[in-house]
Structures are given as C-alpha cells and as structure tokens.
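Have a look at the structure below before the remarks.
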Amino acid sequence: MTTSHHVKEFAYEAGEEVVLRLAGAEAFDVARGSAVPDGCLAMWTIGTILARMRRDGTPAYAVQFRHHGAPCVCVADQCAIEGTA
C-alpha cells in the first residue's frame, strides 16, 4: 500500500483579503497606467488576492490594493503576506 502526502502549496485563495508587506514590491497604478515608485509605498497594506501563480518555483499572488485611493496591483511572494485581514 502506498501513502500520498498532500501538501498545501498555496496558503491563500483568490478573493481573500490579506495583510501584505510592500517592501521591495513592484506595484503598478492601474488608473495612471504607471509604476508606483518604491519610496511612495507604505510598509504594508491590506489587499485582495486576484490570482495565484508560481514565481521562480514558489507560490506567489497577484494582489490588488489601494494607494492614496488609486487601484494598484503587484505580484507578491507568499512570504510577503502576513496573513488574512
């Protein structure tokens, strides 16, 4: 008899609100159609998971958040997410 081990690779699902550290994130302002400079981002924010993906073989997420009222997106590694909001 063989045994299989199910490992949950992704900790979060699309639609979940999460606390996200923005240090080093490459954020994009959707309304302006331009990148948000690193120095303008807060240290963390609350965002919504849009999609799950792999980046360099590890779990990552497309996350939507608001920056000064403008809708922004970024791709964040799972380790940049502190947990659900």
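The values are calculated or read from the model by the stated rules, or taken from the named source; none is laboratory data. Since we're looking at a predicted model, the values are computed, not measured. Every residue, glycine among them, receives a Cβ derived from its backbone with ideal geometry; neighbour counts consider all protein chains shown.
The table that follows gives values for the structure above.
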quantity	calculated
Strands (runs of 3 or more DSSP E) lying entirely in the stretch 34-85 (those with 1 or more residues that are in contact (Cβ under 8 Å) with a residue 40 or more places away in the chain and charged (D, E, K, R))	44-55, 81-84
Flag if A31 is exposed (fewer than 11 other Cβ atoms within 10 Å of the Cβ), in contact with a Pro (Cβ under 8 Å, 6 or more places away or on another chain) and either assigned to a helix (DSSP H, G or I) or of a type in the set (A, V, I, L, M, F, W, C) (or both)	yes
Residues that are of a type in the set (V, I, T) and surrounded by 13 or more Cβ atoms within 10 Å (Cβ to Cβ), drawn from the stretch 34-70	V36, T45, I46, T48, I49, V63
Some residue of the stretch 10-20 being at pLDDT below 95 and either assigned to a loop (DSSP other than H, G, I, E, B) or of a type in the set (A, V, I, L, M, F, W, C) (or both)	no
